[in-house]
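Presented below is the structure to which this report refers.
Where a number appears in this text, it was derived from the coordinates with a stated rule and is not lab data. Keep in mind it's a predicted model, so treat the numbers as computed, not measured. Here Cβ is always computed from backbone atoms with ideal geometry, including for glycine, and neighbour counts include all displayed protein chains.
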Amino acid sequence: MMDQRRSLRGSIGLVGAGLLVAALAGCGSVVASGSGSATAPAAGAGAGTSATAPAAASAVGCGSVDQATAVSIRRLMRLQAPEGSSPVGTTMYHQVSEVRALFGQLCAAVTHPAKVQVMHCPADFGTEYLGTFYDGTRVLATFAYASTGCARASVTADGKTQATMVYGRAYTAAPHLAADLAAILGGKQKPGLMQPQGSVNPGGTNMPA
C-alpha cells in the first residue's frame, strides 16, 4: 500500500513538472513572438531612412538649396560698369549662409514666374551675373541674373531651365534677390547701381548720333 502511494506521488510529480516545462516553453514562445513583431517596424523604418538620405544627397536644382556650400560668379559687362568697380573674371565664394540665401531667392523667383507681357525696359545697359552653385565639387545648378532695366533671373539644373522677369509675383516671392547678391559680392559690386562709361548712340550702331 505504501509503495502504491509513493508511485502515485511520483507520477503526479512528473506530470506537474511536465506541465511546468510546457508552460514555460509557451511563455517563451509568446515573448519571442512579441519581440520579433516589435523589432520588425524599426528595421523597416531604418531602411526607409537610409533610402531617403542618398536621394536627398543626390538632389540638384532648387531641391538642393540647403546643400549648397559655394558659388562661383562671373560678371558680364555690356555698356556700363557698376559704380566703383572694374571688369572681373569668375570668383568663388564660400560663405555658406549667404550662398544659400542667394540660391533660395533665385529659386523663389523662378518658381513664381511673373505674368508674361510686353514691357518697356529703359536703361537696360547694365551687368549680367552668371554663376554656378556647388555642394563641395558637385554642381547643383547654374544661374543668370540681369539686374538692370527689366531684371531677369534663370536657374538651370539637370538640363531644365526655369526663368522669369523679376517683377510682380516673382519680385514678391524674392524681394531680397539683389541685396543677397550684393552681400556675397561684398558691396564692391552693387547690382543695379550703374555709372555711364562713354556715350550711348540713341540712333543705334548704324545711325548717326
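Approximating the spin labels as points 7 Å out from Cα along Cα→Cβ, the GLU128-to-ARG74 distance works out to 1.2 nm.
Approximating the spin labels as points 7 Å out from Cα along Cα→Cβ, the VAL118-to-LYS160 distance works out to 3.2 nm. Each peptide among 69-76, 98-105 gets the average number of other Cβ atoms lying within 10 Å of its residues, and from highest to lowest they stand as 98-105, 69-76.
Under 5 Å from the amide H of ASP135 lie the amide H atoms of THR69, LEU140, each residue being 5 or more positions distant or on a separate chain, with H modelled from the backbone and absent for Pro and chain starts. Taking amide H as placed 1.01 Å from N in the peptide plane, the amide H of VAL60 sits under 5 Å from none that are at least 5 places away or on another chain.
Amide H to amide H, with H built 1.01 Å from N, ALA114 comes under 5 Å of MET165, TYR167, ALA170, counting only residues 5 or more places away or on other chains.
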